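Here the structure comes first, spelled out in structure tokens, and everything after it is commentary.
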Amino acid sequence: MSEQQTLRVPVAYTGMTLHSGIPVHMRLLPAPANRGIVFKRLDLPGKPEIPATVANIISTNRNTTLGLGAAQVMTVEHLMAALRGMGIDNTIVELNAGEIPLGDGSSQVFVDMIKQAGVCLQGERRRCLRLEQPVWASGNGGHMVALPADELKITYTFVTNHPAVGTQFGEYVITNSVFAEEIARARTLVFWQDIEYLQQQGLGLGGNLDCVVIVNDSGYLNTLRYKDEIVRHKVLDIVGDMGLLGFLKAHIIAVRSGHGLNRMLMRSIQEQANLMMGVGNR
């Protein structure tokens, strides 16, 4: 069984946010074993902390937002994907605002931060969540199933009738090297016709052609990093959202899923885990 890991030294980054469109300063700090990933709002009275858990999800509208009391942090999924994808168990994420910086729209800037900080073992056993039987979730035309496995494997089918995008399929066993080399650089997607609606909701105010894959009726408006960048980013989002469970060992098969369905699946996984714990304690 793997040991828990944290960062060797603190590391910082300042950048714009995707949805609120404001500059944010963020620091990733080492944390003791069994501390988990914790977001800390330095700009609020008392510097409140929000543990990165499924129970603290308060919104899945175009991003995953965590909240506890009066404090919240938007768009945690890309950072969570980097932390879990690179094998980080424990860290404190300090912020001076309520959203994670966008970087280049992917997880790459956060992977670079982790590499810059370095990683150290903590001498404590990593606790992994494993399934005993399949669980599933469906809604809004999307479907997900999680099957028992000895690793985190994600199979995703992105479905659209857009002629330039089409249907995309991706399947990855998530290891540190696979995440860093095949997934981390994939950017988030938006369709041109949705931009005005999102901005009316106060979302997407910080997006641009450098950090978001934009598609209009004619096709892509910017150069892709991968031919199948969209499906790779969907895999990235699943790694990030499932990271709120800790380190999950499962084969996740998803079709047209998003943050809301990810949340539903995670709740089902937790229900099974709680049930098995209850059986084991009888």
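No lab work stands behind these numbers, since they all come straight from the coordinates. In this text, all values refer to a predicted model and were calculated from it rather than measured experimentally. No Cβ is skipped: glycine too gets one built from the backbone with ideal geometry, and neighbour counts run over all protein chains shown.
Structure above, values below:
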{"quantity": "Largest-first principal axis extents, alpha carbons of the chain, Å", "calculated": "58, 42, 35"}
{"quantity": "D (Stokes-Einstein, µm²/s), Kirkwood Cα radius, segment 1-152, 1.002 mPa s at 20 °C", "calculated": "130"}
{"quantity": "Dipole in debye (nearest 20) - the chain, about Cα centre, beta carbon charges: Lys, Arg +1; Asp, Glu -1", "calculated": "620"}
{"quantity": "Length-normalised contact order of the chain in % [C-alpha pairs under 8 Å, at least 6 apart]", "calculated": "25"}
{"quantity": "Cβ-defined net charge surrounding G118, 14 Å radius [Lys, Arg +1; Asp, Glu -1]", "calculated": "+1"}
{"quantity": "FRET efficiency, K227 to L42 (Cβ-Cβ, R0 35 Å, nearest 0.05)", "calculated": "0.30"}
{"quantity": "Kyte-Doolittle mean at least -1.0 and Cα axial length at least 18 Å: DSSP H helices in the chain", "calculated": "229-242, 259-280"}
{"quantity": "Residue (of M26, N216, N61) at the positive-pole extreme of the chain, dipole from beta-carbon charges", "calculated": "M26"}
{"quantity": "Centre separation in Å (Cα based) which lies between segment 238-255 and segment 120-190", "calculated": "6"}
{"quantity": "Dipole moment magnitude, nearest 20 debye, segment 34-178 about Cα centre, only Lys, Arg, Asp, Glu C-beta charged", "calculated": "240"}
{"quantity": "Order of E182, E132 under a 10 Å beta carbon neighbour criterion, fewest first", "calculated": "E132, E182"}
{"quantity": "Residues with amide H under 5 Å from that of V119, placed H, sequence gap 5 or more", "calculated": "R8"}
{"quantity": "Segment 106-191: mean projected area of Cα convex hull, nm²", "calculated": "8.2"}
{"quantity": "Pairwise FRET efficiency - N161 versus E124, Cβ, R0 = 51 Å, nearest 0.05", "calculated": "0.55"}
{"quantity": "Ranked list, fewest to most other Cβ atoms within 10 Å of each Cβ, for E77, E94, E124", "calculated": "E124, E94, E77"}
{"quantity": "Lys, Arg +1 and Asp, Glu -1 on Cβ, resulting dipole of segment 1-67 about Cα centre, debye, nearest 20", "calculated": "80"}
{"quantity": "Subset of K40/K227; K115/K249; K115/K227; K47/K249 violating a 28 Å alpha-carbon distance limit", "calculated": "K40/K227; K47/K249"}
